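Peer 1: I'd like to ask some things about the structure below.
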Amino acid sequence: MGKVTATRTPLFFQSKLLCISVLYLFTTLFLAFYRSVSPTTCLFRSSPSDPIQSPLFYYPSSYGEHKYAITTHRHSCSSPVFFSDYGMVVGEIHNLCTNSSAFLPALRYLQGKADTFGGNFETQKRFSYFNYSNDEIKVPCGFLKEFPVSDSDRIAMESCNGVVVVSAIFNDHDKIRQPVGLGSQTLVDTCFFMFIDDITLQGLYDHKLIPQNSPDYKVGVWRIVKVFSEKLYENPAMNGVIPKYLVHRLFPHSKFSIWIDAKLQLMVDPLLLIHSLVVSKDVDMAISKHPYYVHTMEEAMATARWKKWSDIDGLTQQMETYCKNGLKPWTTDKLPYTTDVPDSALILRKHGLGSNLFSCLLFNELEGFNPRDQLGFAFVRDKMNPKLKLNMFEVEVFEKIVVEYRHNLKKTGNVKAVSSGGGVSKKTKRERSHGHLVLTDSSCQNYLLKMWGESHS
């Protein structure tokens, strides 16, 4: 009879503890290697699978584009917002942009000529357009004077027919910063436009960012558009409001847009942002909540207290006008709107009827009173018809998708303020004495009582 020979398990595999230890060691080594080669050191990233690796622009050391960043101490690998697969997003947005019926009905605009870019309509005339009851109504929406840019820039703007990212620097107030984390297809499907004035252009010349003899300017991804702002408003902030709120008119063939204040740097691909915050939520517009304020009057009081706008009498008139015409503090009755005060440094839009109407109406309020857009935001949103479908996302999302920088530090004289009549106002006694709102209208008294009652209940 033959002998049965038993196969012996190697000693190495007889110890479960040893096997687990070896598996743990190799897993740890793999993760350490992955982190060492990953540009974001994150195990799971929301960026495109094929991001653009080379720098978008080489800045001279004198420019200091990364100075004065405001840190939020948020871990770079945590994400309060979900992003879909980049390839799927590119395809879906491309299909939406080629389907014009998704953006109908189209808004009709008032044509003509006026002394100011927006026409500076009287208060009740502006309010009469809030109820958009039929498609035959022509809404005032700027461009009652020519927007003064070169013909080549105008052609480029009208040729942008997908997604456009827009920013502006007037009075050399900020620096041009390149977006981060762009996918390889994004520069094909997305336009980037930066509007500047003569003062800002001279700063770019001084730092040799652009040649002085070029007919068209470009800094990295940004096409630089010089605006002959002396033909528009005397206040630089009001000139910046034009590309911020009338982007759908400056780029008439674009389907989606992102407005980004020049103090911000975009840290996530714009196609991913549009898809995650607008398309997947089925909204007209997406904007961040304000980090501190919920009620419009809180923002108005802070604007006066911190001298964000010098004409205190004008601020008072604005708030009393809104109170008389139905402005109310935020309550749960306003849901699904979760606050009355946005952080409007980043605005994402689908260029359909809802967001276009809201942008036109708010622009008219900014020309009528002042360019502090957070003050008229809730009034226009709550009073307009049809209602705006709005995604007011959390502050944590805002901090994830952008980095904020301080404005340029410059010693300049006081910027002149635009009064409610569109002219230049002098400092008032009320401003020199205390810089606080004094609201005597009974409607505003009721607003304040309800606001304070809600906040202390």
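Peer 1: Points 7 angstrom from Cα along the Cβ direction at Lys145 and Lys383: gap in nanometres?
Peer 2: Simple spin-label model gives 2.5 nm for this pair.
Peer 1: Using a 7 Å offset from the Cα along the Cα-to-Cβ direction at both Lys334 and Ser442, what is the distance between the two label points in nm, to one decimal?
Peer 2: 2.4
Peer 1: While we're on this one: For segment 146-276, what % of the accessible area comes from carbon and sulfur atoms, probe 1.4 Å?
Peer 2: 49
Peer 1: If you don't mind, another one. Under a 5 Å amide H to amide H cut-off, with H placed in plane at 1.01 Å, what residues pair with Val219 once short-range neighbours are removed?
Peer 2: Those lying under 5 Å, H to H, from Val219 are Ile224.
Peer 1: Along segment 272-288, what does the Karplus equation 6.51 cos²θ - 1.76 cosθ + 1.60 (θ = phi - 60°) give for ³J(HN,Hα), rounded to whole Hz, x for Gly and Pro?
Peer 2: 5, 5, 4, 5, 6, 9, 10, 5, 5, 8, 6, 10, 7, 8, 10, 7, 7
Peer 1: Please report how many Lys pairs in segment 48-181 have alpha carbons closer than 17 angstrom, counting only residues at least 8 apart along the chain or sitting on separate chains.
Peer 2: 5
Peer 1: Using alpha carbon centroids, what distance separates segment 278-315 and segment 213-270, in Å?
Peer 2: 21
Peer 1: In straight Cα distance, which aspartates and glutamates are under 14 Å from Lys334, not counting same-chain residues fewer than 8 positions off?
Peer 2: Straight-distance partners of Lys334: Asp382, Glu454.
Peer 1: Right, next: Going from most exposed to least, what order do Phe143, Phe127 have by accessible area with a 1.4 Å probe?
Peer 2: From most accessible down to least: Phe143, Phe127.
Peer 1: Could I ask something else about it? Spelling out what I want: for every residue of segment 242-248, take phi, set θ = phi - 60°, compute 6.51 cos²θ - 1.76 cosθ + 1.60 (Karplus), and round to whole Hz; glycine and proline get x.
Peer 2: Once rounded to whole Hz, the list reads 4, x, 6, 10, 10, 4, 5.
Peer 1: Follow-up. Taking a ≥ b ≥ c as the square roots of the eigenvalues of the Cα gyration tensor of segment 126-282, is the shape rounded (a/c under 1.5), prolate (a/b larger than b/c) or oblate?
Peer 2: The shape class here is oblate.
Peer 1: How many nm separate the modelled label positions at Ala106 and Glu394, each set 7 Å beyond the Cα in the direction of the Cβ?
Peer 2: 4.1
Peer 1: Also, quick follow-up: In terms of modelled amide H atoms, which long-range or inter-chain residues lie less than 5 Å from the amide H of Ala168?
Peer 2: Those lying under 5 Å, H to H, from Ala168 are Phe195, Ala262.
Peer 1: Just subtract the alpha-carbon distance of Glu230 and Ser152 from 0.36 nm times their residue separation and send over the number in nm, one decimal.
Peer 2: The span from Glu230 to Ser152 would gain 26.1 nm if fully extended.
Peer 1: Oh, and also: Check which residues have an amide H placed less than 5 Å from Phe192's amide H, if you skip close sequence neighbours.
Peer 2: Residues meeting the amide H criterion: Val165, Arg223.
Peer 1: Okay, moving on. Among the listed pairs Lys231/Lys307; Lys263/Lys400; Lys281/Lys450, give every one whose C-alpha distance is greater than 22 Å.
Peer 2: Long pairs (Cα-Cα over 22 Å): Lys231/Lys307; Lys281/Lys450.
Peer 1: Under 1.5 on a/c is rounded, so check that first for segment 350-409, then, if it is not, pick prolate when a/b is larger than b/c and oblate when it is not; a ≥ b ≥ c are the square roots of the alpha carbon gyration tensor eigenvalues.
Peer 2: It is oblate, given that a/c is not under 1.5 and a/b is not larger than b/c.
Peer 1: What ranking of Glu158, Glu365 comes out by heavy-atom accessible area, probe 1.4 Å, highest first?
Peer 2: From most exposed to least exposed: Glu158, Glu365.
The values are calculated or read from the model by the stated rules, or taken from the named source; none is laboratory data. Quantities reported herein were computed from a predicted structural model and do not represent experimental measurements. Here Cβ is always computed from backbone atoms with ideal geometry, including for glycine, and neighbour counts include all displayed protein chains. Ligands, DNA and RNA are excluded from the accessible area calculation, which covers all protein heavy atoms including side chains. Shrake-Rupley method; radii C 1.70, N 1.55, O 1.52, S 1.80 Å.
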